[in-house]
Structures are given as C-alpha cells and as structure tokens.
Amino acid sequence: MSVCNGCQKSFEESLLITTDHFRGEALVQYCDVCFLEGARDGFGDKSLQCECGEKMILDQDDEEVLSLAKDQEVIFYRCKKVVEARLAKNYDLVEQMEDEHEWVGLYVIQPEDDYE
Ligand SMILES: [Zn+2]
Ligand SMILES: [Zn+2]
C-alpha cells in the first residue's frame, strides 16, 4: 500500500498516479481525486496564464486527464476562453481564437533528457 500525497489515505500502489508536479520536482503519488484537484491549476503553476489574461485550464475531461496521467503522457492546458467555447460547441469561435490564445502540453513526469 502507498499513501496519497494529497489526502494521506492508503491506496494500492497501482491505483496511484506518480508525478513531479509537471516541473521536475521530487516524485510524489496521488489518488485520482487529489490528482485531478491538483492538476486543475497545474499544481499551483502561476505561469499557466494566456496572453489575454485568462487562466489556462485543462483541455481534456477528467477521465481523459486520468488516463493520460496513468500512461505518463502529456496533459494539455488551453486558454479558458477557448475551452469554454469548445464546451459550448461553438466551433467557429474556437477556430477563430485558436491562433491568438495559448495552449501548452505538460509532461506528468519530465523526460530525462529535455535538452534536444
Ligand atoms: Zn488523495
Ligand atoms: Zn486567451
């Protein structure tokens, strides 16, 4: 059993998500609930802000975020305005805004050689 870094409850090792908080910090483990909560703002990453001043938020639904995290993939953040337009199925608006508003993909664990 392992302990979640958020709620401090014990879980089966295989149920926990390991991350370096997307920025090369020491590896910690989270349960699904705590991971999602932390990932919502990139574990307190203040640079997750679009040029337009809006916050950048998760660009996938919760289930997708968890599945990407468990596969140690990249999680995408996008300007809140664009995500909201997409959720409202306003695809023309999304297309218009896509170029002007920022997005970023963050590794759940940073790859070892990040220099290439
Ligand atoms: Zn937890
Ligand atoms: Zn924006």
Quick test of your reading of the structure: ILE17 fulfils all but one of (1) surrounded by fewer than 19 Cβ atoms within 10 Å (Cβ to Cβ); (2) of a type in the set (Val, Ile, Thr); (3) within 16 Å of ligand 1 (Cβ to nearest atom). Name the failing condition by number. (1)
For the list (1) open to solvent by less than 70 Å² (accessible area, probe 1.4 Å); (2) over 13 Å from CYS79 (Cα atoms); (3) of a type in the set (Gly, Ala, Ser); (4) out of contact with any strand residue (DSSP E or B) (no Cβ under 9 Å at 6 or more places or on another chain), I need the number of the one condition that ALA26 fails. (1)
Flagged pairs (Cβ under 6 angstrom, 6 or more apart or on separate chains; first in region 79-98, in contact (Cβ under 8 Å) with a residue 40 or more places away in the chain; second more than 15 Å from ligand 2 (Cβ to nearest atom) and assigned to a helix (DSSP H, G or I)) are none
How many of the residues making up region 74-113 are open to solvent by less than 90 Å² (accessible area, probe 1.4 Å) and either part of a loop (DSSP other than H, G, I, E, B) or touching a Gly at 6+ places or on another chain (Cβ under 6 Å) (or both)? 10
Is it the case that ILE57 is within 13 Å of ligand 1 (Cβ to nearest atom) and either open to solvent by less than 80 Å² (accessible area, probe 1.4 Å) or of a type in the set (Lys, Arg) (or both)? no
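The values are calculated or read from the model by the stated rules, or taken from the named source; none is laboratory data. Just so you know, these numbers come straight off a predicted model, no measurement behind them. Counting neighbours? That spans all protein chains shown, and the Cβs are built from the backbone with ideal geometry, glycine included. Areas reflect the complete protein model, heavy atoms only, side chains present, ligands, DNA and RNA absent. Shrake-Rupley method; radii C 1.70, N 1.55, O 1.52, S 1.80 Å.
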